[in-house]
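> The structure follows.
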Amino acid sequence: MKISSEEIKKILCIKPRGIGDIILSTIVLENLRNAFPHSEIHYLTEEFSKRAVEYNPLVSKVITFKRDKFVLSTIKQVRKEKYDLIFDFWSNPKTAQITFFSGVKYRVGFDKRGRNYAYKFSGKTGSTIRHAAEDNLALLEALDIPIVSKKIIYHTTENEKLFAEKFLQANNNRSDNLLIGIIPSGGWESKRCDADKLVEICKEIQNNYKADFLILWGPGDKVDAKIIFEGLSPNSVLAPKTEFGELSALIEKCDLIIANDSGPMHAAAALKIPTIGIFGPTNPENHKPYSTNSSYVIKSDLHCIICNKLVCPYNHECMKELDPEVFIPIVKTLLNKN
């Protein structure tokens, strides 16, 4: 390593948002613990996203800030902690400023135009053949830190598990059926598979398996969630309004998850629940569920596929023209594997 292990007592990881991106960044934690066994590891996130690492056993402290908060106040928070090593896994103009003015001796970030002033060591990002989780390892590689683990780490609490157990005891009595979680969330409009198409996919699964469907939703999903719930009744259960940790605990109770490219999809993979990601505007090779017991579907024959557009300029063909039958062999493989 380019830094002596004995020098490092406190490490800060900066990853403000979103929840899925922060969960993916936990791929660095076991490697940092191995390289710096006597150090504390802290995270800096936005308040909304802290649940992604709040109960992580390798994270000693989470510092939060609000997105519209003046950067100087965040710098003061960071300087007070007297870190020895800082990793800026976001590397945007704001986090570069925080890193530069942190007072930290060893500062590491991504090699991006206009931001190299902030970092003593830089890593390359944006590989088209590397998963977004593994992109974070580039900053460890910049310090020659050995990569001994590629595990992402996310946990639910006992209270969250109890919430999920009680809810399903009261609302799902068909214990012999598979319980499949359906998550219509998606950070971009173009990522969201249409509710009617999700109903078609689930009905195709019902033609092959005895299954009930738990409809899981978050902010902005309620309309789609109700359409899916009503379309699959009486074999559907609509989750209540939840915090992210409670949603995650409900995910843990499922035999299989079907989700768009989203934070809950990455949580499901981290929780080791078999997961099928639905992709259209984003590249599954970079953003698929990061686990060995997961897979994805994508209508790869479209001229516009992997467009990276927030809103579809056409008719959302990548979702509307998905063939529900393509899910069946994937469901079979994942269920057999697990």
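The values are calculated or read from the model by the stated rules, or taken from the named source; none is laboratory data. In this text the structure is predicted, and so the values were computed from the model without any measurement. Methodologically, a virtual Cβ is constructed for each residue, glycine included, from the backbone with ideal geometry; neighbour enumeration extends over all protein chains shown.
> Would you pick out the residues in the stretch 190-231 that are over 18 Å from Gly277 (Cβ atoms), outside any helix (DSSP H, G or I) and in contact (Cβ under 8 Å) with a residue 40 or more places away in the chain?
Asn208, Tyr209, Asp212, listed by residue number.
> Same structure again: Check every one of the helices (runs of 4 or more DSSP H) wholly within the stretch 74-147 and list those with 2 or more residues that are more than 25 Å from the chain's Cα centre (by Cα) and either closer than 19 Å to Asp21 by Cα or not β-branched (Val, Ile, Thr) (or both). Outline the logic, then answer.
Working: elements: 93-100, 132-135, 137-141.
Answer list for the stretch 74-147: 93-100.
> If you go through the stretch 162-177 one residue at a time, do you hit one that is at pLDDT 95 or above and charged (D, E, K, R)?
yes
> All but one of (1) without any contact (Cβ under 8 Å) to a residue 12 or more places away in the chain; (2) in contact with a Pro (Cβ under 8 Å, 6 or more places away or on another chain); (3) among the hydroxyl-bearing types (Ser, Thr, Tyr) hold for Ser73; state the number of the condition that does not hold.
Failing condition for Ser73: (2).
> Only residues that are more than 15 Å from Arg67 (Cβ to Cβ) and either not polar (S, T, N, Q) or not assigned by TED's automatic domain parsing to the domain that holds Tyr43 (or both): list them for the stretch 88-107, please. Don't jump to the end; show me each part of the working.
The first filter runs over the stretch 88-107 and keeps only residues more than 15 Å from Arg67 (Cβ to Cβ), leaving 88-89, 91, 96, 99-107.
Result: Asp88, Phe89, Ala96, Phe100, Phe101, Gly103, Val104, Lys105, Tyr106, Arg107.
> For residues in the stretch 148-186 being in contact with a Lys or Arg (Cβ under 7 Å, 6 or more places away or on another chain) and assigned to a helix (DSSP H, G or I), which is surrounded by the fewest Cβ atoms within 10 Å (Cβ to Cβ)?
Leu168
> Which one of these is within 25 Å of Ser149 (Cβ to Cβ), surrounded by fewer than 18 Cβ atoms within 10 Å (Cβ to Cβ) and modelled with pLDDT of 95 or more: Tyr43, Tyr55, Tyr83? Steps first, answer last, please.
Values: Tyr43 fails: surrounded by fewer than 18 Cβ atoms within 10 Å (Cβ to Cβ); Tyr83 fails: surrounded by fewer than 18 Cβ atoms within 10 Å (Cβ to Cβ).
It is Tyr55.
> I would also like to ask the following. Taking Ile257 as the residue in question, decide whether it is in contact with a Pro (Cβ under 9 Å, 6 or more places away or on another chain), in contact (Cβ under 8 Å) with a residue 24 or more places away in the chain and part of a helix (DSSP H, G or I).
Numbers: in contact with a Pro (Cβ under 9 Å, 6 or more places away or on another chain): yes; in contact (Cβ under 8 Å) with a residue 24 or more places away in the chain: yes; part of a helix (DSSP H, G or I): no.
No; evaluated as a whole, the condition is false for this residue.
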